[in-house]
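Just so it is clear, none of the values below were taken in a lab; they were calculated from the coordinates. Just so it is clear, the structure is predicted and the values come from calculations on it, not from any experiment. Don't worry about glycine lacking a Cβ; one is built from the backbone with ideal geometry, like all the others, and counts go over all protein chains shown.
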Amino acid sequence: MGIDDYTGGPGAQQTGVLVVTTNDAPGYRVERVVGEVFGLTVRSRHLGSQIGAGLKSMIGGELKGLTKTLVETRSQAMERLIEAAKARGANAVLMMRFDVTDAADVGTEVCAYGTAVVLVPAGS
């Protein structure tokens, strides 16, 4: 598995929306706060990966199938967050976070959320 299998999130060059986990973005100032945005997805548990994870947990080691699934799930939630920010006229999301919870014992809910803003270069 390559680095793309373990990391996620498109860059600002790809989407036109800068997403950061900080309160601000160095070199920019907030011109306007758009408001809270989120992207949500719920994934059901795949029986094959659950069985594989159970077997792997007996001998130890990384659960690569589950890792890849979680990366894909987080990436989808983040893509939806970016779509929501764009739809509201933002060009950045500050304070981005993930929230992960069980969804009625049949899947996992992943929510990417943050504050949508319009950033401009500092000094303008």
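Separation between the Ala87 and Thr108 pseudo-spin-labels, each 7 Å from Cα along Cα→Cβ, expressed in nm?
The two pseudo-label positions are separated by 2.5 nm.
Apply the Karplus parameterisation 6.51 cos²θ - 1.76 cosθ + 1.60, with θ equal to phi minus 60°, to every residue of the stretch 92-103 and state each ³J(HN,Hα) to the nearest whole Hz, in sequence, with x for glycine and proline.
Running phi through 6.51 cos²θ - 1.76 cosθ + 1.60 with θ = phi - 60° gives 7, 10, 9, 6, 5, 9, 10, 10, 10, 9, 6, 10 Hz.
Net charge near Leu40: determine it from the other residues with C-beta under 10 Å of the C-beta of Leu40, scoring Lys and Arg +1 and Asp and Glu -1.
Working: positive: Arg80; negative: Asp99, Glu109.
Cβ neighbours under 10 Å give a net charge of -1.
If you plug each phi of the stretch 65-77 into the Karplus form 6.51 cos²θ - 1.76 cosθ + 1.60 with θ = phi - 60°, what whole-Hz ³J(HN,Hα) values come out, in order, with x for Gly and Pro?
Rounded to whole hertz, the list is x, 5, 4, 4, 5, 5, 4, 4, 5, 5, 4, 5, 4.
Kindly rank 13-26, 84-97 from highest to lowest mean number of other beta carbons found within 10 Å of each residue. Could the numbers behind the result be given before it?
Numbers: 13-26: 13.8, 84-97: 18.9.
Packing proxy ranking, top to bottom: 84-97, 13-26.
Report the full-extension gain for the segment Ala12 to Thr101: residue separation times 0.36 nm, less the Cα-Cα distance, to one decimal in nm.
Details: separation 89, 0.36 × 89 = 32.04 nm, distance 2.74 nm.
Fully extending the segment from Ala12 to Thr101 adds 29.3 nm.
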